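These notes concern the structure reproduced below.
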Amino acid sequence: MAVLIVVDNTRNWPLRVPGVTVVSARSYLTEAAYSELRGAKVFNLCRSYRYQTLGYYVSLLAEARGHRPLPSTTTIQDLKSPTMVRLAGDDLEDLIARSLDKRSSKKFTLSIYFGQTSAKRYERLAKSLFNVFPAPLLDARFEYDEESETWRLEDVSPGAAQEIPAADRAFAVTAAKEYFSGKTRIGGRRDAARYDLAILWNQQDPKTPSDERAVKRFIGAAKELSIRAEVIDRNDYGRLAEFDALFIRENTAVNHHTYRFAQRAAAEGLVVIDDPESILLCTNKVYLAELFDRCRIPHPKTLIVHRDNIGDVYDTIGLPCVLKKPDSAFSQGVIKVSSADRLEPEIHLFLERSDLVIAQEYVPSRFDWRVGVLDRKPLYVCKYHMADGHWQIVNNEKHGHARYGEVEPVPIEKAPRPVVQLAMKAANLIGDGLYGVDIKEVGSRRFVIEVNDNPNIDAGEEDKLMGDELYLRVMRVFLSRIEHRHESRPRGPAKPKEAEPEAAPRPAAKAGGRGGARPASRKAGAR
């Protein structure tokens, strides 16, 4: 995959980065060779990104051509928005205070080169600002407010490569080399990859929905399809524009970095699994309860509990019953209540943390069916057996330990047809992403417990029957969706209204053409 640095004038470009092509903005906009180039990464270092300038059109046409521009047009708009700057300052208030507290001057400008800065004490601040405003060069301006005795972020603007101070040029070159040759691995085998996939994964979390071996198998499957897959973490938010797709293999929540990653990736035009809407819907059991009722999905008797209907739980649900936090996951925030004298006290404890609580009929079973669904098709079927001596598939014991029940994969064609059909019906109400549908089967009756986003796919468990084919099926969906995104790009981007020819050269006729080891314990991933 080609990597381009686009500048106003290559003769004035002060930095030389091995393995990266430097091209002028005018050439990138007008020459057919660039409009026909597929899947390039474009680092836009033009002096200005103002509307209808060369810099603005570089990012705009890069997106139209299916290239990956940094900054994107979304970031360009954010940089021009005082509201976004103010919000960033508010979010980073504590970090700004810690970073600048010892400065004697009342004004300070922080220069950021590819997410780094030459002063070590400002490293975290530079990285955080880059994550909010992912652009190659940034200047962040701060002022000290004597009345409130606090530092404030006043402005964030794109830096100009020609104006990098002589004292910083060596560092800027190093930062650029690290950015291109570090995680992005420019050169070598990279050219064999048609697309780039980011896998958001937390190696330190023992309850991630995929273990390390599974993540490596995803990477291997992607490589077979000419997709270069790379593991990223929560600190790589500012790099999302580099990729064609995002695969979230962390436990998701709305008030969590996974949701922000999904939102940003979707806004940047990436293929995203889990998409933000699926995270929003699946992680809230209040929504699922209403959805199942409205769409007549068979599920255990359920009551949405608030402070005014606590007394209805016993008569409506009976005992024993299950109480759940709306955003509970991995069997945490879920309890079984068997005695009437404990029911109201337990509900009150739940209501201290959430205004709504789920009370659900207890349906005993030896196992839960888990049907993995991807792209509106069944992906795998498993029996998740209850943990020994416990009523759930995960027994969250004291001191942070957890015991898991056995996972028993079942060939899709041999799984009960009504179970698979019910799972498909429930999952399709959410979307076309990757879901895990939990179903209890009691005699001839079947009940949907929940639809989970980011279901477990662990090596030696969900993949026990299918092996590498399971990972390939997931990657084929990514490939198909990425190709569809690229093919559906407009072939001839309309010239923006009132564009001035001298500021924005007319595009060529073909513009926009084709153009860490983890515990071995089982994680059920049940929400």
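No lab work stands behind these numbers, since they all come straight from the coordinates. Since the model is a prediction, treat every value here as computed from it, not as a measurement. Every residue, glycine among them, receives a Cβ derived from its backbone with ideal geometry; neighbour counts consider all protein chains shown.
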Calculate, in nm to one decimal, what Thr83 and Glu344 gain on full extension: separation in residues at 0.36 nm each, minus their alpha carbon distance.
-> 89.4 nm
Give, as a single signed number, the net charge of other residues whose beta carbon lies under 15 Å from the beta carbon of Ile412, with Lys and Arg counted +1 and Asp and Glu -1.
-> +2
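If you count, for each residue, the other Cβ atoms within 10 Å and average over each peptide, how do 469-477, 451-459 line up from highest to lowest?
451-459, 469-477
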Under 5 Å, built H, 5+ apart or other chain: amide partners of Asp196 | Arg228, Asp244, Ala245
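Can you sort Ile347, Ile335 so the residue with the fewest Cβ neighbours within 10 Å comes first? Walk me through the numbers before you get to the answer.
On the way: Ile347 20, Ile335 17.
Ascending number of Cβ neighbours within 10 Å: Ile335, Ile347.
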Obtain the nm distance between the two label points defined at Arg103 and Arg50 by a simple spin-label model: each point lies 7 Å from its Cα along the Cα-to-C-beta direction.
-> 2.6
Partner aspartates and glutamates for Lys464 [C-alpha distance under 12 Å; skip if fewer than 8 residues away on the same chain] = Glu408
Please turn the phi angles of segment 254-261 into ³J(HN,Hα) values with the Karplus equation 6.51 cos²θ - 1.76 cosθ + 1.60 (θ = phi - 60°), one per residue in order, whole Hz, x for glycine and proline.
-> 5, 8, 8, 5, 4, 5, 5, 4
For Ser59, Ser354, what's the fewest-to-most ordering of other Cβ within 10 Å of each Cβ?
-> Ser354, Ser59
Which FRET efficiency value, to the nearest 0.05, do you get for Lys414 and Thr150 by plugging their Cβ-Cβ distance into 1/(1 + (r/R0)^6) with R0 = 51 Å?
-> 0.20
How far, in nm, would the chain grow between Ala119 and Glu469 when pulled straight, counting 0.36 nm per residue and subtracting the alpha carbon separation?
-> 121.2 nm
Say R0 is 30 Å: what FRET efficiency, to the nearest 0.05, do Ser365 and Ala253 get from their beta-carbon distance?
-> 0.65
Of Phe292, Gly269, Phe247, which is farthest along the charge dipole of segment 236-343 in the positive direction, counting Lys and Arg as +1 and Asp and Glu as -1 at C-beta?
-> Phe292
Arranged by the count of other C-beta atoms within 10 angstrom, fewest first, what order do Met84, Met386 take?
-> Met84, Met386
With label points set 7 Å from each Cα along the Cα-to-Cβ direction at Ser226 and Glu483, the distance between them in nm comes to 0.9
If we count every other residue with Cβ under 14 angstrom of Trp13's Cβ, Lys/Arg +1 and Asp/Glu -1, where does the sum land?
-> +3
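Please work out the FRET efficiency for the pair Leu356 and Asp90, using the Cβ-Cβ distance as r and a Förster radius of 45 Å; give the result to the nearest 0.05.
Efficiency at R0 = 45 Å is approximately 0.95.
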Theoretical ellipticity at 222 nm over the chain - DSSP helices of four or more residues, -39500 (n - 2.57) apiece, nearest 500 = -9000 deg cm²/dmol
Could you list, in their original order, any pairs among Lys207/Lys301; Lys120/Lys216; Lys414/Lys440; Lys377/Lys425 whose Cα atoms are separated by more than 22 Å?
-> Lys207/Lys301; Lys120/Lys216
Distance between modelled label sites at Arg141 and Arg376, nm, 7 Å Cα→Cβ extension = 5.2
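Report the per residue volume, in Å³, of the convex hull enclosing the C-alpha atoms of the chain.
Taking the convex hull of the Cα positions in the chain, it is 186 Å³ per residue.
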Which length gain, in nm to one decimal place, applies between Arg294 and Lys336 when the Cα-Cα distance is subtracted from 0.36 nm times their residue separation?
-> 12.5 nm
Within-15-Å neighbourhood charge of Phe447 [Cβ basis; K, R +1; D, E -1] = +4
